[in-house]
Amino acid sequence: MAKTAQQPVLVIMGVSGSGKSTVAGLLAGKLGWDLAEGDDLHPASNVAKMQAGEPLTDEDRWPWLESIAEWIRAHTQDGTPGVVTCSALKKRYRDALRGEGVVFVFLQGSKEKISDRLASRHGHFMPPALLESQFDALEEPTADENHISLCVSATPSEEAQEIIERLNLDAADAATP
């Protein structure tokens, strides 16, 4: 992807446990960009449902996706770059988020790798038992979507640096690992 005059809004996507929040935080810090944690935009009813081990339905997800889309639109309309996390598991969810200047960054990994990450995570409302439902719902981005895919095999810092390099992004300290 060639660098454009306006820096993009990056949607860091993937199943729960793929490292979205960690990588997004590192990216936003390295780039000096705004950051929105998609999980914080879930309605309380969604959080309660996931805590109870119930997968979300499309009906549950739409108000959440609209909140994320509003954040993205505000940034793209103002020409302000940003980073937002969102599982964006299905193409129709990404369709609701896409727009000029929006790039999806798909953090992909095997069920085994992601399961290991989830097992070591503490204090998150998403239980590891729902991982299977995430993989079942996942529709990987296709060539017609503005995205890059990144295998989650390196450290989060290395992954953030790879994203910066692959997207040719401007950052004062982007060369710092």
Among strands (runs of 3 or more DSSP E) lying entirely in segment 81-176, which contain 1 or more residues that are modelled with pLDDT of 95 or more and surrounded by fewer than 16 Cβ atoms within 10 Å (Cβ to Cβ)?
-> 147-151
Only residues that are small (Gly, Ala, Ser), closer than 20 Å to VAL9 by Cα and outside any helix (DSSP H, G or I): list them for segment 26-56, please.
-> GLY32, ALA36
Is there any pair linking a residue in segment 55-83 that is free of Cβ contacts under 8 Å to residues at least 60 places away in the same chain and closer than 18 Å to GLU37 by Cα to one that is among the hydroxyl-bearing types (Ser, Thr, Tyr) and part of a helix (DSSP H, G or I), with Cβ under 7 Å and at least six apart or on different chains, and which?
-> ARG61/TYR93; LEU65/TYR93
Verdict on ARG73 being within 20 Å of ASP136 (Cβ to Cβ) and either assigned to a helix (DSSP H, G or I) or in contact with a Ser or Thr (Cβ under 8 Å, 6 or more places away or on another chain) (or both) | no
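The values are calculated or read from the model by the stated rules, or taken from the named source; none is laboratory data. Being a predicted model, the structure only gives us computed values, none of them experimental. All Cβ positions, glycine included, derive from the backbone under ideal geometry; neighbour counts span all protein chains shown.
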